Amino acid sequence: MNRLLALVLACAAVARAMHEGTVEATRYPRNPLDIAAQQIVAMTAMDAWPVDDLWALLRRAAPFAELGRASFDGLLDMLSGRYPSDEFAELRPRLTWDRVAGTVVARETAKRVAIANGGTIPDRGLYGVYLAGAGAGAARVGELDEEMVFESRPGETFVLGASSWRIEEITHDRVLVSPAPGEPGKMPFWKGDRAGRPLELGLAIGRLAHDLLRLPRAAAIEQLTSQHDLDIGAADNLLQYLLDQQHAAGAVPDASTLVVERVRDELGDWRVCVLSPRGGRVHAPWAMAAAARIREETGIDVETLWGDDGFVVRFPDVDTPPDPRLVLPDPDEVQPLVVRQLGATALFAAKFRENAARSLLLPKRRPGTRAPLWQQRKRAADLLAVASRFGSFPVLLETYRECLRDFFDMPALVDTLRDVRSRALKVVTVDSDTPSPFAASLLFSYVASFLYDGDAPLAERRAQALAVDQAQLRELLG
């Protein structure tokens, strides 16, 4: 119920924003090296290019306007065979770089690779579901996750949409089905990415919570129904949710207040819940930095989970309540802490796989066919094992850039921690016997994540010790 009410609070803020016509900032990727690699191969497949002209043309596009020459030359190094192809075959040269004449041209095999592997949408391992017996123009029914398809056999039934379907055949890239009305079937599952809440929406949610608690109950309900499109029942439940949080913790996290709640779990271990509306793009790197700082200062390996409404840190076998300052790292140290942690995460491995594919380092073997996702993960893990020894490897740098700038919102996290240091953002520490409503919502997600922790692909769970060229990374991050 608490999770549902947290969603209602977010929807109420969105409805108000829609009425006012406000939108969050739009930001395009800066210096995406994987896209640059693909474009360079495609451009040089037709003609030889002077290197200076190629660099100048790339910088005419807004995403590459700030691309440094060192990063550009690093891309050409990677594509022309600088890294050991005897350890990973796809590191063989795609280009011939004549450093004396200052020209670059694609090799013959690179033309086929560029044509067969063009595009930027990553392969997420989805199988199309089509009606059997309809030939090439078969009607598309939907999509299934690859892992669900691997667990299915012809003759089984499953539910998709509002209908039951019987599997007739499973090919290399699609599932052929026939209708099976009235027959019980298993439910399919998908593993999708969750986009973190943008900072602007998070602050709007915080301001709404702050304003509602300072209105008389009747006025607050009237505002929620007239300006936020809630019915009376939803408005009353939402207001009671905020009042229960205030009663339980003495404070409600909002745009100007941060709540750090310490509570023991069923095993007696301490869990520290940092409650904030700022969204997952801020909380994810914050949780990583907090875990790194705790490990450095106390030697304890903690478990964390983040969401749009905060993050949880579990301290095993600790008798005294953890110091709240451990989850509030210094703003000047937070990015180096995150960079040191990032290379050992499944997120980094997954983004590296996608970036390597876009850079034409994990091409399809045959045009028009798909490689199973588990094979892509294994090949990407093998490539990462080779690339991890080279701090200036462009796909490594691009993966750090994408995680820190596109998936995370590091500037917003740094600004948040600076506000904490300057006391512009109030921090309230609460010790409770039972979790407050906001904390209970987060802890529910914490338990759920460890129920399915083993489902992460092995090739993307394996930790890697990565080196990274800090100077080139700073250049890419601006």
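Counting only residues at least eight positions apart within a chain, or on another chain, the lysines with an alpha carbon under 26 Å from that of LYS364 are LYS111, LYS191, LYS351, LYS378. Remark: the chain is approximated by an ellipsoid whose semi-axes, taken from the C-alpha gyration tensor as √(5λ), come to 42, 31, 22 Å, largest first. Its relative contact order, with pairs defined as Cα atoms under 8 Å and 6+ residues apart, puts segment 285-369 at 29 percent.
For the chain, the 222 nm mean residue ellipticity estimated from helices alone, with every DSSP H stretch of n ≥ 4 adding -39500 (n - 2.57) and the total spread over all residues, rounds to -13500 deg cm²/dmol.
The alpha carbon centroids of segment 283-312 and segment 52-118 are separated by 38 Å. Normalised per residue, the accessible area of segment 238-375 is 37 Å², obtained with a 1.4 Å probe and no contribution from ligands, DNA or RNA. How would you classify segment 71-118 from its alpha-carbon gyration tensor, with a ≥ b ≥ c the square roots of the eigenvalues: rounded for a/c under 1.5, else prolate if a/b is greater than b/c, otherwise oblate? Taking the square roots of the gyration eigenvalues as a ≥ b ≥ c, segment 71-118 is oblate. Amide H to amide H distances under 5 Å link GLY142 with VAL129, where only residues 5 or more positions off or on other chains count and H is placed in the peptide plane. Taking a ≥ b ≥ c as the square roots of the eigenvalues of the alpha-carbon gyration tensor, segment 182-331 is classed oblate because a/c is 1.5 or more while a/b is no larger than b/c.
Put simply, the amide H of GLU303, placed in the peptide plane, has neighbours under 5 Å in ARG314, leaving out anything fewer than 5 places away on its chain. The phi torsions of segment 265-282, fed into the Karplus equation with coefficients 6.51, -1.76 and 1.60 and a -60° offset, translate into couplings of 8, 5, 8, x, 7, 7, 10, 10, 9, 9, 9, 7, x, 6, x, x, 5, 8 Hz, rounded to whole numbers, with Gly and Pro shown as x. log10 I(q)/I(0), Debye, Cα-only segment 265-378, no solvent, q = 0.11, 0.23 Å⁻¹? Reported log10 I(q)/I(0), two decimals: -0.49, -1.26. Taking a straight Cα-Cα cut-off under 30 Å and skipping sequence neighbours fewer than 8 places away in the same chain, no lysines fall within cross-link reach of LYS426.
Working note: Karplus 6.51/-1.76/1.60 with θ = phi - 60° gives segment 396-408 the couplings 4, 4, 5, 5, 4, 4, 5, 5, 6, 10, 8, 8, 8 Hz, where Gly and Pro are set to x. The fraction of accessible area contributed by carbon and sulfur in the chain is 53 percent, rounded to a whole number (1.4 Å probe; ligands and nucleic acids excluded). Ordered by 1.4 Å accessible area with all protein chains kept, LYS426, LYS364 run largest first as LYS426, LYS364. Each Lys and Arg Cβ is given +1 and each Asp and Glu Cβ -1; about its Cα centre, the chain then shows a dipole of about 1300 debye.
Rounded, prolate or oblate: which one fits segment 87-198, using the alpha carbon gyration tensor with axes a ≥ b ≥ c (rounded when a/c is under 1.5, else prolate when a/b beats b/c, else oblate)?
Prolate shape, in that a/c is at least 1.5 and a/b is the bigger ratio.
Coupling constants for segment 284-300 follow from the phi torsions by the Karplus curve (6.51 cos²θ - 1.76 cosθ + 1.60, θ = phi - 60°), and in residue order they are 4, x, 4, 5, 5, 5, 5, 5, 5, 5, 4, 5, 5, 8, 10, x, 9 Hz; glycine and proline get x.
The values are calculated or read from the model by the stated rules, or taken from the named source; none is laboratory data. Please read all numbers here as calculations on a predicted model, not as lab measurements. Please note: Cβ atoms are built from the backbone with ideal geometry, for glycine as well, and neighbour counts cover all protein chains shown. Accessible surface areas use protein heavy atoms only, side chains included; no ligands, DNA or RNA. Shrake-Rupley method; radii C 1.70, N 1.55, O 1.52, S 1.80 Å.
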